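Following: one structure in structure tokens, then a few remarks.
The values are calculated or read from the model by the stated rules, or taken from the named source; none is laboratory data. Everything numeric here is computed off the predicted structure, so don't read it as measured data. Here Cβ is always computed from backbone atoms with ideal geometry, including for glycine, and neighbour counts include all displayed protein chains.
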Amino acid sequence: MMSKNRHEEIMDHFNQLKVLVIGDLVMDIYLKGDSFRLSPEGPVPVVTISSREEIPGGAANAAINLKALGAQVSFLAIAGDDKDGDKACKFMEKAGINCDAIVREPFRTTVTKTRLVSNGQLLSRFDCGSQNPPSADSEQKIFQFLKARYSRFDAVVLGDYKAGLFTPALIEFLQQIQQQSPAYLALDSKNLPLFTPLQPSVVKPNYVEAISLLNLQSLSNNRIEQLKNYGPTLYRLTGAEHITLTLDEEGSMLFEKGEYVHHTPAYQVEAPHVVGAGDTFISTFTLAQCSGANTVEAAELATAAATVAIRKTTTAPCFLTELKAFFSTQNKYVSDAKELEELSQFYHQQGKNIVFTNGCFDILHSGHVSYLNQSKNYGDVLIVGLNNDESIKRLKGSSRPINELADRIMVLSGLSSIDHIVPFGSAEDDTPSALIRAAKPQYYIKGGDYNMQNLPEAKVVEEVGGQVAFIPLVPDHSTTNMIKKINADAKMLKAI
């Protein structure tokens, strides 16, 4: 796995990239409600609709993901001159996506995919909308835009959902203009061989698409073994320099010029919402590659972003702050209040309860371990604020700390009860108030030697909606007593 600094280095370049998304515009509509009985008219559930959500999908979801990750994005598509087309354009413009190249056709109806969901279960999907090619006039407008603007983009993402946009003429035009002004070209299509003349930088088939392309039988396991020797065939059929083959819970396979080179494992997600995950994956992979990541690093970032997206209940992007926070969850050390705030927002969005405590933890002993184990029982995520060396000197005297901050972080990192450690302390404020404001914990834990009167940060806990809880200390266990005993024993040995 990449280091935290390497993640940051790659992701911090995303906002410098200009990306053009060309593809089919779809409106994803979610009807959600409760169902407790079957219809007397037939063996189907009766659903009482309680909410309706409309989100641009298809290639528009790739554009939204690219923008959410920080890129400058333009979207080229055809859409109906109708209410669904209006909603999609307004949504994307509000997100900061340039929609000047969306061609509206009065005789076209925008493609919609309506999903009926009850208790997290998809009951049915209804598709409607035009899937015919654009008119000759519309196609000329598309060509004019590409001729004038194509060279301005660092990357081009093609999203083909078989809704009519990608005609042979458009693919031929893209081939010509790509030869004149080469850009990083990413492709996600239900019909990859159609785009072979473009020789894409990367294509992203899923397992079903790959076995269909290769005329293979579907397997429920050993899918990596099944496919890893088919790299040359996939290379011949797609013309793509890189192929990232996604396998749902088995992660993804990476091929380079037809050679299988790497498997990226997936993260476990309960009840994943997989619609749009492919768009998230290819968007992140593209930005990472254009930011200097090698293909393995790009696949790692893309897998993480897709994990963030599928944890959500509807089609939704992975934001850059969420992606950074996701990698912070894989590391115990958190650098400051700003990073802690992003990390905590991520946990809150996942419905996790945060527990916060703090201290010096200068010489770790069994009393500390017991205290931290009990603290973790108050929630899902335990964050420990750790006084820095200067703060301990101010609070405990010039002879402290015994162990420097880096050593204390390393020792605490070995405890399974602790999820994250963040240092704090300044001459102006040696309380963890700023960290509490950043984390917004459900519980703030302190030892039984404290009370609400001698805890200045208690007010801050209440301000952010948390509760203060006190845990009794293990008798005769403290760092101060331990140091006294060590000093006394040393004096005794000296006397002898």
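What the table below lists for this structure:
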{"quantity": "Subset tally (residues that are surrounded by fewer than 21 Cβ atoms within 10 Å (Cβ to Cβ), closer than 19 Å to PHE285 by Cα and not small (Gly, Ala, Ser)) for the stretch 180-199", "calculated": "4"}
{"quantity": "Unique residue being touching a residue at least 12 places away in the same chain (Cβ under 8 Å), assigned to a loop (DSSP other than H, G, I, E, B) and touching a Pro at 6+ places or on another chain (Cβ under 8 Å) when the list is GLY379, GLY385", "calculated": "GLY379"}
{"quantity": "Given (1) at pLDDT below 90; (2) surrounded by 18 or more Cβ atoms within 10 Å (Cβ to Cβ); (3) not in a helix (DSSP H, G or I), number of the condition PHE356 does not satisfy", "calculated": "(1)"}
{"quantity": "Matching helices (runs of 4 or more DSSP H) fully within the stretch 1-100 where at least 2 residues are among the basic types (Lys, Arg) and within 27 Å of SER328 (Cα to Cα)", "calculated": "4-11"}
{"quantity": "Close pairs from the stretch 206-229: first more than 19 Å from GLY159 (Cβ to Cβ), partner β-branched (Val, Ile, Thr), Cβ under 6 Å, at least 6 apart", "calculated": "SER218/ILE211"}
{"quantity": "Test: residue in the stretch 147-165 that is of a type in the set (Phe, Trp, Tyr), assigned by TED's automatic domain parsing to the domain that holds LEU192, in contact with a Gly (Cβ under 7 Å, 6 or more places away or on another chain) and farther than 18 Å from GLN199 by Cβ", "calculated": "yes"}
{"quantity": "Scan of the stretch 453-471 for residues that are more than 32 Å from the chain's Cα centre (by Cα), over 21 Å from LYS376 (Cα atoms) and outside any loop (DSSP other than H, G, I, E, B), ordered by number", "calculated": "GLN453, ASN454, LYS459"}
